[in-house]
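Following: one structure in C-alpha cells, then a few remarks.
The values are calculated or read from the model by the stated rules, or taken from the named source; none is laboratory data. Note that the structure is a prediction, hence the values are computed from the model and not measured. In this analysis, Cβ positions are derived from the backbone assuming ideal geometry, glycine residues included, and neighbour counts consider all displayed protein chains. Accessible surface is based on the protein model in full, side chains and every heavy atom, while ligands, DNA and RNA are left aside. Shrake-Rupley method; radii C 1.70, N 1.55, O 1.52, S 1.80 Å.
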Amino acid sequence: MKFDTPATTNPIDRLTIVGKPTDRIDGPLKTTGRAPYAYERHDVAPDAVYGYVVGATIAKGRIRAIDTHAARAAPGVLAVVTADNAGRLGKGKHNTARLLGGPQIEHYHQAIALVVAETFEQARAAAALVRVDYERAHGRYDLARGRDAAVEPKSDPDTGAGDFDAAYAAAAVRLDATYTTPDQSHAMMEPHASIAAWNGDRLTLWTSNQMIHWSKRDMAMTLGIAEDKVRLDSPYIGGGFGGKLFLRADALLAALGARAVRRPVKVALQRPLIFNNTTHRPATIQRLRIGCRQDGTIEAIAHESWSGDLPGGSPEVATQQSRWLYAGAHRKAALRLATLDLPEGNAMRAPGEAPGMLALEVAMDEMAEKLGIDPVQFRVLNDTQVDPEQPERPFSQRRLVECLRTGAERFGWQRRAARPAQVREGRWWIGLGMAAAYRNNLVMTSGARVRLDRRGIVTVETDMTDIGTGSYTIIAQTAAEMMGVPLDRVVVRLGDSNFPVSAGSGGQWGANSATAGVYAACTKLREAVARRLDLDPTAATFEDGIVRAGDRRIALTEAAQDAELAAEDHIEFGDLAERYRQATFGAHFVEVGVDAWTAEIRVRRMLAVCAAGRILNPKSARSQVIGAMTMGVGAALMEELAIDRRLGFFVNHDLAGYEVPVHADIPHQEVVFLDETDPISSPMKAKGVGELGICGVGAALANAIHNAVGVRVRDYPITLDKLIAQMPRIGK
Amino acid sequence: MRAFTYERASSPAQAAEKAARTPGARFIAGGTNLLDLMKLEIETPTHLIDVNGLDLDRIEDVDDGGLRIGALVRNTDLAAHPRVRRDYAVLVRALLSGASGQLRNRATTAGNLLQRTRCPYFYDTAQPCNKRLPGSGCAALQGVSRQHAVIGVGDACIATHPSDMAVAMRLLDATVETVRPDGTTRRIAIADLHRLPGDRPQVETVLAPGELVTAVVLPAPLGGRHVYRKVRDRASYAFALVSVAAVVQRDGSGRVALGGIAPKPWRVAAADAELPRGAGAVSERLLAGARPTAHNAFKLTLVERTLGAVLAEAGAQA
C-alpha cells in the first residue's frame, strides 16, 4: 500500500479497540517469567555451550601477540575464537569499529576473543587466562581538545536561511552561551545476548535486537555469506534504547563460536564490558546564539554542535530541533565532527534532540530571562506553523502552543516566582522550570502478514520488535479493529526474520509505521475475505465478527472454513514527508527542590503535555512518556560516562558507577495527550511518542534548578558539586 | 572466578585456625561483596570457609548497658532490633541508608565493616591499582576521582571505605571482638580496626591472617539526638559523596564522624570539642591536612555544609 495522500476516514477511526487504554497482551508472560528472552531460550538449543568475551584493555594500538594456550587447556574449554582463527570477516553497514578486534585495537573493551566452554563458569575462568601483549598507540580522547580540528560532516552539511551574522549583530538583545552534554550509556536492563546455531551453512540467531532486518543483513555482510542463510529471532527484548539497533559482538561471536565448536553457543555481554564495548550517546559541545527584538521576537538563531567519533563514524545531530522549533528569519545550524578514539558513538533514545534540547531549551530560558518575558510566553511568541528554513513547507500538525498553555495551566505555572531563589520550604529551595518538547516524526516502510483461520483467529506476523514499548499490544489492537474481532482473537508474532520486514524499533517510528504496515496487510485480508464471501470488497464492513455488505451479514469465520486466508502487504510512504514537516510536540514542566545546605537536587513534580497524533494505546503511550521523562531526569542530574582522558575509556563501566534514576528519584509524573490525529502521517493518523518524552525534560529540570537557587549550570549532568560554591545564603 | 574449595566452619576458633593455615583462604558470610569480587577475579581465594552456620547471629545486652552484636547479624535485623532503634538511632539510620533491602537481608555486621572499596580502578583488573595488585600504581590519583577520599590518603591510594554502618559504629566507639588462630580472643577499638593506606593500601585492617571477627560491642547509650545524613547524587542506592553521623546533646556538645571522604570511617577527637562553635570550626578540625584532587575538592565544602545541615537538624529536634 502506497501512502501518498492524506488519510481519509478508514476503519481505524471507529476506535472501538485502537485508542483505548489496553493492558499489554504480553504482560502475563512477562510478569510470570515465561516470556523467553534471548539468553533463556533453553528450548531452542538445549545443548548450547557458553561463550565469554575478552575485551581489549587498551584504547588504541595493536596486539603484538595473544596467547590462548592456558585458556584452551583449561577445564571444559572447547575453543578460543580470535581474529587469528575466525576467518575473513567483513563489517556491517551499521558498525564503525570491527566487532572482533585484532591485531588493530580501535577502542577499549573491543572484543578480541571468545572463550567457549561447557559451562559459563568454565568459560569465564578460562577467559581470565588469555594473555595479550599490546603495543599502545597514542589516541585522542578529549572532545574539547579535538574541537578545532573537527570538520563539517558530509552526511550533515550546514543549513540555514537569511543572513544570521548580520541579523545577530544588529539584534537588540543577544545571548551567546555554550553548553556541554556528556557521553551516556543506554544501560538497558537486559544485556546484549545471543544464542547461535549452525545447520550446515545456515545460521540461526536467537538474539535481542531492535532492527531485525538491519542485523540480519549486517551479520551476512560480516560473515561474507548470503543474507538468506541467516535467520534472526528476537521476540522479547529487555530494553534497547538504541543500544540494540545494530549487530553487536554478542551476536557475531556467538556465530563464530558455534561455527568453531559445531554446537550452539550462547553469549551475553558481561555488564562491565557493555559500556565500552557497545555504542553510546556521544558527548557534545553546543553553542547557541539567539538575537531578539526587545519585544521577544527571534530575529536570528544559530546552533552549532561539536561531537566526536571513531574514524568513519557519524555526528550527534544535536542541532536538529533548532532548525524547526522556533521562528526566526535569519538562522543557521552546523555540526562538526571530531575524530576520537573512544568507543563508537551512535543512536540513543532521541539521538539529536535529546542532547540538543538540553542546550536549546536552556538558552531559551536564559533569553526569556534577559528579555524579562515569561518563558512560556517567549516560546508562544516564536511559534511557527511552517518550516523556518523552507517557509513553503507547512507542518502537518503543530500544536506546540496548546501544549505550552495546557501545561502551564495544569501545572500552576502562574505561581512561579520569576526571580530565582525566592521560594523556600524548610531545607529546600523550590524552583519551577519548563521547556518545549520536540522530536521529529519519521516514517519507514513496514510490512506484515495476516492470517485468518477457521476458528476466526487472526494471526499477525511481522519482524517488528517489542523492546518493552508495547508493540505486541498496539499491533493486536490494529488487527482487531481492522478485522472486527475482539482483542483476544488476535495472535501477534514478532521479531522473526522469516516474517515480513518491518520498520523495526528506533527513532520513535516503530509504533506508527509498523501498525500502518499491519493496516495495509489487513486491508488486503479484508478484500480477500470479501471476495471469498462474495461480498463487495469496497462496501464490506467488519464488526463484531460479522462481515456486512448491503443487507448481507456473514460470520467472518465463514471465510476461512475451507482454507486459511492470508494476506501480506507493506506500507510505503510517498512524498508527504517532503511536502510537510512532520514532528511531535510537547511541553515539560518540572518542580524541583534543591537542598539549601548540600545542594542535593530532588525532583518533586513532573508534567508532560504531548501532541503526537493519534494515541494508539494511552496506557502504553503513557508508560513510554514517563519512562522517557525518567531517562531525562538521569540525563539532567546524574548520567555521565566518565572518561579517563589519559587511558581513553569510560571508567564507570558498571551499574554501580553509571548512575541512572532509582524509584526514590522519581516523584509524581503526569502525562496529558492532546486529542489529535495527523492524517498526513499515516493511515493510523498516529505519530511516534516513545522519544518525545525525553526531549526537553532535562532542560526543564535545569531551568527549574536555576529558578530554585539562581545558579545556571551549562555543563551536564547538573550535580551538586557544580552548584555548591554558588548557592544562595542558607538563611532560615 | 577461579576454582576454590569450600567448607563449613564448625566453631569460630576452628575457622580461624583453618584460615590461618590454609594459604588463600577467605571467610564468607553474606557474600554480597566477596562473590562479586571473585567473579571479576579481584579476589581469588582458593578456599572458602563458610561461617554462616556459626552461633554468631545474636544481639544481646552486656553488663555496662551496651549491646553485643554478633558478627553474623544481618544488617536488616540489626536495623530492626528494638534496642538498637531505641538507643542507637544513628546506627539504624546509617544502616538503612546503605545498599538495598535485598542486600541488607544478606549483608552481615562483620562483613559490612570489612567490605572493600568501590574505586572503579580497583574494579577494572586491566588497570593499575596498588590495593588490588601491590606495586602496580594508582590509576585514580591522576584519573577520575570524584568519588574518592580527600583525607587519610597517600600517593599509593586514594580509595574510600564505602560503609555507612561503619561510620555510625565509629561514632559510637564500638569495639570489635575477634578470635585468633590460636584460639585466643581480643578486643579492638573500631578506631584502630581500619588502617590508612600508607604504602601498603592492600592491608586494610589490623586483623591478623585468619583472625575472625565474632562480634561488635556498642558501649552504653549516649542519649542525645542522633542524625545520619548521607549526601549522594541520587536519592537511594548510591555510595556517599559525604556522610555525617552525629550525636548531639541538649547543651550542644556531642560527637561527629564522616563517611565517603577517607579510607576509613573518619573521626577526629579534637573536632568534637568544636561542636558548640559550629560547622565551620568542626569541619576545619576534621579536614586538617586534607589532600583532595581537582575532581573531589568540592567534598571539603560539602562536609562543612552537610555538618551545618546536621547541626541544624539536631538543634531542631532538641
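General observations
- Accessible solvent surface per residue of the range A:162-306, calculated while the other protein chains remain in place, 1.4 angstrom probe, Å²: 28 Å²
- Over 25 Å (Cα to Cα) - which of A:Lys154/A:Lys332; A:Lys332/A:Lys370; A:Lys60/A:Lys93; A:Lys2/A:Lys685; B:Lys230/B:Lys264; A:Lys216/A:Lys687 fall in this group: A:Lys216/A:Lys687
- Förster radius 51 Å - calculated FRET efficiency between B:Arg8 and A:Ala170, Cβ distance, rounded to 0.05: 0.05
- Per-residue mean of C-beta atoms belonging to partner chains within 10 Å, peptide A:647-654: 5
- Chain A against chain B buries an accessible area of about 2800 Å², both chains summed, 1.4 Å probe radius.
- Table column - 3J(HN,Hα) (Hz), the range A:610-622, Karplus curve with 6.51, -1.76, 1.60, x for Gly and Pro: 10, 10, 9, x, 5, 8, 5, 9, x, 6, 6, 5, 4
- Protein-protein interface of the range A:710-726, residues with accessible area decrease of at least 20 Å², isolated chain reference, 1.4 Å probe: A:Thr719, A:Leu720, A:Asp721, A:Ile724
- Relative contact order for the range B:1-121, counting Cα pairs under 8 Å that sit 6 or more residues apart, in percent: 25 percent
- Among the protein heavy atoms, those of B:Thr185 account for about 100 Å² of accessible surface (1.4 Å probe, every chain in place).
- Counting only protein heavy atoms and a probe of 1.4 Å, the accessible surface of the protein assembly as shown is 49% carbon and sulfur.
- Peptide B:117-125 shows a mean partner chain C-beta count of 5 within 10 Å per residue C-beta.
- Once the Cα-Cα distance is subtracted from the 0.36 nm per residue extended length, the B:Ala191 to B:Gln249 segment shows a gain of 18.7 nm.
- With R₀ set to 56 Å, the beta-carbon distance separating B:Asp182 from B:Ala80 gives a calculated FRET efficiency near 0.95.
- Inter-centroid distance (Cα atoms) of the range A:588-613 relative to the range A:46-62, Å: 41 Å
- When you filter the trypsin sites (Lys or Arg not before Pro) in the range A:116-207 for DSSP loop state and at most 12 other Cβ atoms inside 10 Å of their Cβ, you are left with A:Lys154.
- For A:Lys30, the aspartates and glutamates whose Cα falls under 18 Å of its own Cα, not counting residues fewer than eight places away in the same chain, are A:Glu40, A:Asp43, A:Glu190, A:Asp233, A:Asp466, A:Asp488.
- Placing B:His161, A:His570 in order of accessible area, with the largest value first and a 1.4 Å probe, yields A:His570, B:His161.
- Averaging the sequence gap over all C-alpha pairs within less than 8 Å and six or more residues apart, then dividing by the number of residues, gives chain A a relative contact order of 17 percent.
- The heavy atoms of A:Ile105 present about 10 square angstrom of accessible area, all protein chains included, probe 1.4 Å.
- Label-point separation in nm, A:Gln385 to A:His42, each point 7 Å along Cα→Cβ: 6.2 nm
- Here the contact order of the range A:281-428, divided by its residue count and restricted to Cα pairs under 8 Å and six or more residues apart, works out to 21 percent.
- To the nearest 10, the accessible area of A:Ile467 is 30 Å² with a 1.4 Å probe.
- The sum of -39500 (n - 2.57) across all DSSP H runs of n ≥ 4, divided by the residue count of chain A, sets its helix-only mean residue ellipticity at 222 nm to -7000 deg cm²/dmol.
- Under the simplified labelling scheme, the B:Thr125-A:Arg531 pair shows an inter-label distance of 6.4 nm, with each label point 7 Å from Cα along Cα→Cβ.
- For the range B:214-318, the per residue solvent-accessible surface stands at 35 Å², with DNA, RNA and ligands left out and a 1.4 Å probe.
- Take each residue in A:656-665, count the other chain C-beta atoms within 10 Å of its C-beta, and the mean is 5.
- Between the range A:634-648 and the range B:135-203, the alpha-carbon centres lie 27 Å apart.
- Projected label points at A:Ile546 and B:Asp64, each 7 Å from Cα along the beta carbon direction, are separated by 8.9 nanometres.
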